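Here the structure comes first, spelled out in structure tokens, and everything after it is commentary.
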Amino acid sequence: MVEALKIKDLKYSYGEINALNGVNLSLYEGEILSVLGPNGSGKTTLLKVISGILHNYKGSARLYGREISGYSIKELAKLVSYIPQEFSPAFDLKCETIVFFGRNPHIANFKGFGIEDYRIVRESMDKADILDFKDRLFRTLSGGERQRVIIAKAIAQKGKLMLLDEFTSHLDPGHSQKLMELVKTMIKEEGITAINIAHDVNQAVNISDRLAFLKDGRILAIGNAEEVLSESLIEEVYEARSSIIENPLTKKPLVVFY
Ligand code: ADP
Ligand code: MG
């Protein structure tokens, strides 16, 4: 197995606030890892370090064997697609324009988009099923439609590592399920590796290869659902009561909160 990412004793502080307190994790090429944990546990900070937005971290974070702080912004933008918790463009933009943004890291200085960029953008919009509204203003779309535009942009970027920060948090259960299934299909088809920050534990079980639970900037447990899920872990992470049963349909663990 190729190791896409290897993080060792990663620490990050915002001044006095220690957001990451020694994170260790390995991510293998092609896998989807869901990171779960309460608000303020350091999930977004972790993605920001990996995407190169936060530089002065301590410890080591290697992407394909090379320290992230050693990559240029452009190199990282070709490798990593970071989908932040909130995406609201400052201007009124057409959906297609936003998908073209995904091609920016691939364009040589002072050159415009080429035939290949147009082909990739169209193919990405087709995969995310947004061709019907490609000319509409992003602002006028529903939450689920917007997320499909953002995923089309990420696919057009052709990165190897996709980082999703609470991608379906604002959606109803039906749209959330359909969208995550679409994202999973795309990730697997394109051979992409992904870190998915989520709050819905059971959805994470369904779409991920492994789960990691973060609290106070540390990973409390990491592994597949069968290995890591326990009532005591859920209590420790979320301070919530639960019972873990077997999902009668998928045979995977199902967390029932009560
Ligand atoms: P999560 O995504 O799990 O909710 P974050 O990574 O956003 O957590 O935040 C982790 C900790 O770092 C929290 O205590 C938060 O208040 C703090 N934090 C996050 N961003 C900043 C910032 N820009 N300045 C200061 N503190 C921050
Ligand atoms: Mg966050």
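The values are calculated or read from the model by the stated rules, or taken from the named source; none is laboratory data. This one's a predicted model, so the numbers in the text were calculated from it and none came from an experiment. Note: ideal-geometry Cβ built from the backbone for every residue, glycine included; neighbour counts use all protein chains shown. Side chains included, ligands, DNA and RNA excluded: accessible areas come from the protein's heavy atoms. Shrake-Rupley method; radii C 1.70, N 1.55, O 1.52, S 1.80 Å.
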Those residues of the range 24-48 which are more than 18 Å from A198 (Cα to Cα) and not small (G, A, S) amount to N24, Y28, E29
Taking first residues from the range 144-169 that are part of a helix (DSSP H, G or I) and second residues anywhere that are of a type in the set (D, E, K, R), the pairs with Cβ under 8 Å that are 6 or more apart or on different chains are G144/K178; R148/D129; A152/K127; I155/K127; I155/E190; A156/R103; Q157/K78; Q157/R103
For the range 1-21 the number of residues that are basic (K, R) and either within 15 Å of ligand 1 (Cβ to nearest atom) or at pLDDT below 95 (or both) is 1
* Is it fair to say I155 is more than 16 Å from ligand 2 (Cβ to nearest atom), over 27 Å from N202 (Cβ atoms) and of a type outside the set (D, E, K, R)? -> no
Picked from the range 22-53 (must be part of a loop (DSSP other than H, G, I, E, B), near ligand 1 (Cβ under 10 Å from one of its atoms) and not small (G, A, S)), the residue most open to solvent (accessible area, probe 1.4 Å) is N39
Being open to solvent by less than 40 Å² (accessible area, probe 1.4 Å), within 26 Å of S242 (Cβ to Cβ) and out of contact with any Pro (no Cβ under 7 Å at 6 or more places or on another chain) narrows A198, A154 down to just A198
Pairs returned, first residue in the range 214-226 that is more than 19 Å from Y57 (Cβ to Cβ) and touching a residue at least 60 places away in the same chain (Cβ under 8 Å), second residue that is assigned to a loop (DSSP other than H, G, I, E, B) and more than 16 Å from ligand 2 (Cβ to nearest atom), beta-carbon separation under 7 angstrom, 6 or more apart or interchain, are none
